[in-house]
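The values are calculated or read from the model by the stated rules, or taken from the named source; none is laboratory data. Source: prediction; values computed, not measured. With ideal geometry, Cβ positions are generated from the backbone for all residues, glycine too; neighbour counts draw on all protein chains shown. Side chains included, ligands, DNA and RNA excluded: accessible areas come from the protein's heavy atoms. Shrake-Rupley method; radii C 1.70, N 1.55, O 1.52, S 1.80 Å.
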Amino acid sequence: MTALNDVIKNIILFERNGQQLYNRIFVVSAFSGVTNLLLENKKTGEPGVYHRLANYKDFHKPLNGIIVKLKQINKSYEKLGLNIAEADRYIEDHIKHAQTYLENLANVLASGYVNKEGILQAAREILASIGESHSAYNFANILQNMGINATLVDLGGFNDHRSYTIDQRIRKDLQNIDFANTICIVTGYAKGTEGIMREFDRGYSEVTFSKIAVAVKPKEAIIHKEYHLCTADPELVGTENCFPVGNTNYDVADQLADVGMEAIHPKASKPLEINNINLRIKNTFQPEHPGTLITREYICEHKRVEVITGTDKVMMIDIYDPSMVGSVGSDFKIMQLFYKFNVSYSFKATSANSISIVIWEKDFNKKLINELEDDFEKVTVEKMAMVCLIGSNMDQPGLLAKAATALADAGVNIKSAGFALRKVNIQFLVAREDFKGAIIALNKAMG
């Protein structure tokens, strides 16, 4: 959203004029960095306004700082036609309204009479909505000032006290719109009784996008990103050594999300897949390129690896106990503890007396380790990297050997490896310092 000029030129106006501009719905996220200031930095965890309130501290000063920041953002779009006076007044009124809600929550929280978790979750919902309301308002205002009929649809529901689910709110707010004669600009945040932050946390914009698609049954759903969905990370292997995937299926998209290379949030892709709505991933800065089409039924015509990816932000937990062999229930006992601490895993390998499980480093919980140590003889935790070969049709003789040889030739030691019967994702665990070299080696071998 920060590159609004390119968005307008390459998405709104590209090869369109007159009535061709309309019959489209755009779901927008907040401007870059805004939600980080409101909640916390997604990558570093640096606290935002929310954490002031959550820790019983004064949040008014940082919230006023948000107003200053958003006005600075407004000023940067004046040349695009944004009415600065209107945009500044809108964000002042909106945050003042939010502040009233937050003050009420803080007072209730301080009383000690209510469940803290519910109050704090409501605060996150209110704060998260500010960023999307701001960007959607600005976008619609700019388009309107260009002479384009744009309709702002704010699903934040600040002035609506009725109890709607997210799906109900979407249907209500879209039901009377003449899509053929307008462009809809819709907030990525949607207020609902189930709480979109509670259910999906920071992936909520894509969830709203998905729910809207299910409601209106479009010809195609499109996500515009800053880059193509590529066969490998161009920053690691070089732009000359990778290319857009072109076509794949939702199963592959899920595999990518499982290692952090999200084409779409997995909880957003499921409704699209179930309702047989095709999804296209496009590069905002190359509007003429068709991008990558994700469908439910696609299987690559030729046996090949479609994507080489991975992450260096995982940890392996190895649980060893000599009593495992021949006994029933060790795995079940371990999974019960993972469930208790709400920790998900992306890889698991077993032997007679040990079970190795890979989790995201951000999900590491010392209490989980302590309880595992209470039940099993030895628990080892090691920082790792995971590299993956992913594809819709790559079950070919020698692929595993070819990949292992490529890694060995590059001096990369495989600490663990595995794949399910369908062979849609072959995973290798390597040392973190070998991550980049492993990706480059595999990409070169499979090219």
*Inside region 241-291, can you point out the residues that are under 17 Å from the mean Cα position of the chain (by Cα), part of a helix (DSSP H, G or I) and farther than 23 Å from VAL27 by Cα?*
ASP251, VAL252, GLN255, ASP258
*asked:* If LEU82 meets every condition in (1) at pLDDT 95 or above; (2) over 23 Å from GLY203 (Cα atoms); (3) surrounded by fewer than 17 Cβ atoms within 10 Å (Cβ to Cβ) apart from one, which number is that one?
replied: (3)
*Restricting the first residue to region 227-246 and requiring it to be more than 16 Å from VAL305 (Cα to Cα), which pairs with a second residue that is among the small types (Gly, Ala, Ser) meet a Cβ separation below 7 Å and a spacing of at least six or different chains?*
HIS228/GLY291
*Only residues in region 426-447 that are under 20 Å from GLY398 (Cα atoms) and in a strand (DSSP E or B) count as the first member; pair them with residues that are at pLDDT 95 or above and of a type in the set (Lys, Arg), Cβ under 6 angstrom, at least 6 apart or cross-chain, and list the lot.*
LEU429/LYS415
_I'd like to verify a number: residues in region 395-423 that are surrounded by fewer than 21 Cβ atoms within 10 Å (Cβ to Cβ), part of a loop (DSSP other than H, G, I, E, B) and at negative phi, how many?_
11
*Only one of these conditions is not met by LEU38: (1) touching a strand residue (DSSP E or B) at 6+ places or on another chain (Cβ under 7 Å); (2) crowded, with 19+ Cβ neighbours inside 10 Å; (3) modelled with pLDDT of 95 or more. Which number is it?*
(1)
*Which of the following residues is hydrophobic (A, V, I, L, M, F, W, C) and more than 28 Å from the chain's Cα centre (by Cα): ALA85, ALA30?*
ALA85
*Can you name the residue in region 320-352 that is farther than 30 Å from GLU46 by Cα and in a strand (DSSP E or B) and is also most open to solvent (accessible area, probe 1.4 Å) among such residues?*
THR350
_Residue among SER133, SER129, SER205 that alone is crowded, with 23+ Cβ neighbours inside 10 Å and under 16 Å from the mean Cα position of the chain (by Cα)_ = SER205
_From ILE170, ILE196, ILE185, ILE222, residue being open to solvent by less than 10 Å² (accessible area, probe 1.4 Å), β-branched (Val, Ile, Thr), touching a Lys or Arg at 6+ places or on another chain (Cβ under 7 Å) and on the phi < 0 side of the Ramachandran plot_ = ILE170
*Return a yes/no flag: does region 45-67 have any residue that is among the acidic types (Asp, Glu) and at pLDDT 95 or above.*
no
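Please go through region 142-167 and give me each residue that is assigned to a helix (DSSP H, G or I), open to solvent by 10 Å² or more (accessible area, probe 1.4 Å) and either without any contact (Cβ under 8 Å) to a residue 60 or more places away in the chain or of a type in the set (Val, Ile, Thr) (or both), ordered by number. Can you show your working first?
Filtering region 142-167 for residues assigned to a helix (DSSP H, G or I) gives 142-145, 166-167.
The next check asks that each one be open to solvent by 10 Å² or more (accessible area, probe 1.4 Å); those that pass are 144-145, 167.
Selection gives GLN144, ASP167.
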*Assuming ALA268 fulfils every condition listed in (1) open to solvent by 60 Å² or more (accessible area, probe 1.4 Å); (2) at pLDDT below 95 apart from one, which condition is it?*
(1)
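Can you go through LYS96, LYS43 and tell me which one is free of Cβ contacts under 8 Å to residues at least 60 places away in the same chain, within 20 Å of ARG198 (Cα to Cα), surrounded by fewer than 14 Cβ atoms within 10 Å (Cβ to Cβ) and not polar (S, T, N, Q)? Reasoning before the result, please.
Details: LYS96 fails: within 20 Å of ARG198 (Cα to Cα).
The conditions single out LYS43.
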*Which residues, counting only those in region 1-35, are surrounded by fewer than 18 Cβ atoms within 10 Å (Cβ to Cβ), over 14 Å from ILE73 (Cα atoms) and of a type in the set (S, T, N, Q)?*
ASN17, GLN19, GLN20, ASN23
*In region 353-379, how many residues are open to solvent by 10 Å² or more (accessible area, probe 1.4 Å), farther than 18 Å from ALA417 by Cβ and more than 30 Å from the chain's Cα centre (by Cα)?*
10
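Checking the condition under 16 Å from SER356 (Cα atoms), among the aliphatic types (A, V, I, L, M) and modelled with pLDDT under 95, which residue from ALA420, ALA431 passes?
On the way: ALA431 fails: modelled with pLDDT under 95.
It is ALA420.
With respect to ALA408, is the statement that it is of a type outside the set (Ser, Thr, Tyr), modelled with pLDDT of 95 or more and more than 24 Å from the chain's Cα centre (by Cα) true? Reasoning before the result, please.
Values: of a type outside the set (Ser, Thr, Tyr): yes; modelled with pLDDT of 95 or more: yes; more than 24 Å from the chain's Cα centre (by Cα): yes.
Taking the combined requirement at face value, the residue satisfies it.
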